[in-house]
1. Going residue by residue through region A:356-376, is there one that turns out to be closer than 20 Å to A:Phe530 by Cβ, within 8 Å of RNA strand B (Cβ to nearest atom) and touching a strand residue (DSSP E or B) at 6+ places or on another chain (Cβ under 6 Å)?
2. So if I check each of A:Gly77, A:Gly63, A:Gly98, which one is without any contact (Cβ under 8 Å) to a residue 60 or more places away in the chain and within 12 Å of RNA strand B (Cβ to nearest atom)?
3. Considering every residue within region A:131-149, establish whether at least one is closer than 18 Å to A:Met215 by Cβ, among the basic types (Lys, Arg) and near RNA strand B (Cβ under 10 Å from one of its atoms).
4. What is the residue count in region A:237-261 for residues that are crowded, with 16+ Cβ neighbours inside 10 Å and within 17 Å of A:His325 (Cβ to Cβ)?
5. A:Val460 is checked against (1) in a loop (DSSP other than H, G, I, E, B); (2) more than 11 Å from RNA strand B (Cβ to nearest atom) and fails just one. What number does that condition carry?
6. Filter region A:455-484 down to the residues that are exposed (fewer than 15 other Cβ atoms within 10 Å of the Cβ) and either of a type in the set (Phe, Trp, Tyr) or under 18 Å from A:Cys427 (Cβ atoms) (or both) and list them by number.
7. Can you find even one residue in region A:151-170 that is out of contact with any Ser or Thr (no Cβ under 6 Å at 6 or more places or on another chain), within 12 Å of RNA strand B (Cβ to nearest atom), over 26 Å from A:Tyr102 (Cα atoms) and part of a loop (DSSP other than H, G, I, E, B)?
8. When region A:530-580 is examined, which residues are found to be of a type outside the set (A, V, I, L, M), near RNA strand B (Cβ under 9 Å from one of its atoms), modelled with pLDDT of 90 or more and assigned to a loop (DSSP other than H, G, I, E, B)?
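The values are calculated or read from the model by the stated rules, or taken from the named source; none is laboratory data. Since we're looking at a predicted model, the values are computed, not measured. Positions of Cβ are generated from backbone atoms using ideal geometry, with glycine treated the same way; all protein chains shown enter the neighbour counts.
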Amino acid sequence: MSGGEVSPKPGTDFIRQIVAEDTESGRYGGRVVTRFPPEPNGYMHIGHAKSVCLNFGVAREFGGVCHLRYDDTNPEGESEAFVLGFQEDIRWLGFDWGDHLYFASDYFERMYDCAVILIEKGLAYVDSESEQQIREGRGTVTEAGTPGRYRERSVDENVDLFRRMRDGEFEGGAHVLRAKIDLESSNMLMRDPVLYRIRHASHYRHGDDWCIYPMYDYAHCLEDAFEDVTHSICTLEFENNRELYDWVLENVGFEEPRSHQYEFARLDLQHAVLSKRKIIPLVEAGIVTGWDDPRLSTVRGIRRRGVPPEALRLFCEMIGVAKAHSVVDIGKLEYAIREVLNQSAPRVMAVLDPIRIVLTDYPDGETEEFDAPYFPHDVPREGTRPVPFSNELFIECADFSENPPSGFRRLVPGGEVRLRYAYVIRCEKVVRDEAGRLVELHCTHDSDSRGGKTVDGRRVKGTIQWVSADHALTAEIRLYDHLFGEVPENDAPENQEIVARVNPNSLVVLVGAKVEPSIRADSPDTRYQFERTGYFWRDPVDGLGDKLVFNRIVSLKDTWRSSKTKSDPDLRRGKAGSENVGNNAIKVEKPAVSESRDAARAAAPELAARFERYSSDLGLTLEQADLLTASLEVSDFFEKALAVHDHPAEVASWLTTDLRGLLGARRLGDLPFEGEDLGHLVALVAADRLSRRAGKDVLARMAREGGNPEQLVVEMGLEKVADVTVLEGVIEEALNAWPEKVAEYQAGKTGLIGMFVGEVMKMTKGAADPKKVRKLLVQRLNG
RNA sequence: UGGCCCGUGGUCUAAUGGCAGGACACCGGUCUUUGGAACCGGCGGUGGUGGUUCGAAUCCACCCGGGCCAACCA
């Protein structure tokens, strides 16, 4: 694929699109500042790695910087060791924060000052209710909260109390500082969120300097603002927090262009646990050897396993960045690892589960050497090593079979197989002990096949790896498998269970493996491919001394074995027959009116009356009448438009479909134009002054910056082009630009008509009459 | 249940009103001294129903499904 250098496409995910737009529009004067903000209370895992690749990647691509900032606002569980851990892991992954290393706890003084600003503005107060009372006062998702008895304390009292909280006058829990926002907000986070709590705990970095600590929602946005972060990228579960993020920044006094938060879907991986909440019990129960256990999806675990950082980066690019929750197939990670290692790992021979071969026709005590290349023909890298050969060898037990399945092409009694880079051998005799256990195989070799080629040209299909018994090194080999069979991240909440659910075969240790002697001379961090087996490297903790211990990084793809299992009908059936019909099973005739709008009408007789009038007198559909009487605001807007252009169906369609789509979070009242303007626009379209398509462009412009439709049509050059000769000219031009598409169309791919219409529309900036264009196009292409 | 967010082949992800594309997986083939790699080919998708439009994965409505929010965690 991408030989050696792993450099996939640049990436055009929605985050990068936003950053690109902001860069082009000069919103931040071209600056791009992102940040990776871990809390130092655990080690980095592969989910963090995705975020690191995103944040540092975006900064790198747009010529910006990415800050490493520790979000150490809660003294419990945070420590220097974790701080160092993140730095180690980020560097290993290949990213660099330069001088931009920050700690949220270093901002405590400034944050305190900001809180005083809020208090003085009457936007924050000290609440002395108990935790329980505060919780109750917040209400539920369906019931509004109720103000507590301290909500209306005076500014002076709040300032004084807050200072005394800081000075340590109170016990933990005695008071908190709360924002005064809206106890009835539909967003629970806006119901007077706690900003500061008292914690008489030692901070790993600031000791006992502070006994009040800021909460995430208050602290994080300030940290971003202090550092002039432009794009604060976090995961989806913080979507609801964005409103509070904006509130704090605006009310403390940060003005545009200020920091803004964007959310993406975090990584979820099949067969893996990614949260520290779930890793900790595994570590504590001794199921894994520590945070760096090679079966864990921590970056330390992945690193110890032997995965190169390039592979992790490639993986992160492969999975992309989006807003839809997803669970990534672990096979993708494995692919990325193989992709990188195939290009870089030298091949050597090892036998994991050995069986002895005695060459009866090879002189006892004699040794010869084969010069074996480190890389296969299709990997453009040089190098060979000598591999000793003698009359006693080991081969993989699985490479011999007395009852071979069809298609088996390794060693069988009486059959031949090639020993890689050495000789073709034939199995003459199977030796067993009294108990019937396999002891060794007696074989003969074809002395003319030195190097592996037969002189008579006979085909020997199988080639297997081997090591000379006398020269072999004995090694321990650790084979890793998924820690979990299913997807624990999704179900089973209890910690107890997670320990019980681990795959008992997630680690298999082989102590008698045999490896060719050449590896003794290699650097201990060499990643090898053990031919036909997988990628391995020496365990950096247990396997670096005289003792050889290898970790399997990932196995080789095995199409033989998978093609075997596929013929098994039980393993084959993908998903069961009964497909869920889900949504379309039973369909009730839907009432085209919504409950909330129904309620609005019930509360306002005027609206109810208009609803009746719209649907009967004006002849609108129920759906349109419903939408137009959601509120007086909408209805009035509609009637103003009607006053200008009295065609209810046309106006309703523009208002309920096109304009609604442009509104976004805004309401009609926020628009820089009035109902009359919409009426004018619709009238222009009705009068054939511009195409409906062009009308939408005008409407979009109006929604952005207001303006008179008549003027805009002229200004934007959208006066309808319906003149046949003009259109034919443009059509000719379009067809000439796409000769191969024309051929495809005429060959039967008539769906391309849309593309041609689109091209013509583009060339006329939307001014052409699409109906005419289509008609002319069909005539022209068919005739 | 109120609010917010999200539904594109088995999986991940593009298409920003105009040809539904890529990757992984899977299946077949070529080649091969790794049952690896590479190469060639194939299977397979817009949750549903209406609406707007010359044209809808994309805009509108309703429905279905999933996620997040009621810590003095982040």
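1. Taking every residue of region A:356-376 in turn, none turns out to be closer than 20 Å to A:Phe530 by Cβ, within 8 Å of RNA strand B (Cβ to nearest atom) and touching a strand residue (DSSP E or B) at 6+ places or on another chain (Cβ under 6 Å).
2. On the way: A:Gly63 fails: within 12 Å of RNA strand B (Cβ to nearest atom); A:Gly98 fails: within 12 Å of RNA strand B (Cβ to nearest atom).
Within the list A:Gly77, A:Gly63, A:Gly98, the selection yields A:Gly77.
3. yes
4. Number of matching residues: 1.
5. All conditions pass for A:Val460, except number (2).
6. Taking region A:455-484 as the starting set, the residues that turn out to be exposed (fewer than 15 other Cβ atoms within 10 Å of the Cβ) are A:455-459, A:461, A:470, A:474.
Scanning region A:455-484 gives A:Arg458, A:Arg459, A:Lys461.
7. yes
8. Residues satisfying the conditions are A:Glu531, A:Arg532, A:Thr533, A:Lys557, A:Asp558.
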